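Below: the structure, in structure tokens.
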Amino acid sequence: MSSPDRTARLGAVLLLVAVLAGFGVAVYSYFAPLTGVTETLGALAAIGVSAALVVLSLLLARRPDQGVLVAVTLIGLVGNAFAGALLHEWWLCMDMGVGLIGLLVDTLAPQRGRKAVHS
């Protein structure tokens, strides 16, 4: 069995890797010719949201108990997945889905540094 601390870190790492991959896909879609969204405002917005998600995932890795950060990250993941669907960038949608799984694992795993209170 894996320890709760290891499971929580796995969720944070999964989230970070997924949003970094999403950032790469968004940048590729914006600059590569014949993607259908080359130099469009929607692809540029997906790059911006992906960059913000990278920062949020790094903040969550340091402070996993921040409810506001979790909520903003959740909104960003869902919104960027929706943008990817509108842009027909299915790899971006998949990356945001994997990021959502990482966020859920990080959020629902027992918190690091907390000890159970026995009565």
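Descriptive notes on the structure:
- Unique match (being under 12 Å from the mean Cα position of the chain (by Cα), closer than 19 Å to residue 104 by Cβ and buried (at least 20 other Cβ atoms within 10 Å of the Cβ)) among 19, 13: 19
- Conditions (1) surrounded by 14 or more Cβ atoms within 10 Å (Cβ to Cβ); (2) modelled with pLDDT under 95; (3) of a type in the set (A, V, I, L, M); number of the one not met by residue 32: (1)
- Qualifying residue in segment 89-104 (condition: part of a helix (DSSP H, G or I), loosely packed, with under 13 Cβ neighbours inside 10 Å and more than 10 Å from the chain's Cα centre (by Cα)): yes
- Flag for residue 33 being out of contact with any Leu (no Cβ under 7 Å at 6 or more places or on another chain), under 23 Å from residue 9 (Cα atoms) and either touching a residue at least 24 places away in the same chain (Cβ under 8 Å) or part of a loop (DSSP other than H, G, I, E, B) (or both): no
- Note on segment 50-75: residues that are surrounded by fewer than 21 Cβ atoms within 10 Å (Cβ to Cβ) and part of a helix (DSSP H, G or I) amount to 16.
This table checks each residue for (1) among the aliphatic types (A, V, I, L, M); (2) without any contact (Cβ under 8 Å) to a residue 24 or more places away in the chain.
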{"residue": "10", "(1), (2)": "yes, no"}
{"residue": "15", "(1), (2)": "yes, no"}
{"residue": "21", "(1), (2)": "yes, no"}
{"residue": "59", "(1), (2)": "yes, yes"}
{"residue": "65", "(1), (2)": "no, no"}
{"residue": "76", "(1), (2)": "no, no"}
{"residue": "82", "(1), (2)": "no, yes"}
{"residue": "98", "(1), (2)": "yes, no"}
{"residue": "102", "(1), (2)": "no, no"}
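The values are calculated or read from the model by the stated rules, or taken from the named source; none is laboratory data. In this text, all values refer to a predicted model and were calculated from it rather than measured experimentally. As a convention, Cβ positions derive from the backbone with ideal geometry for all residues, glycine included, and neighbour counts pool all protein chains shown.
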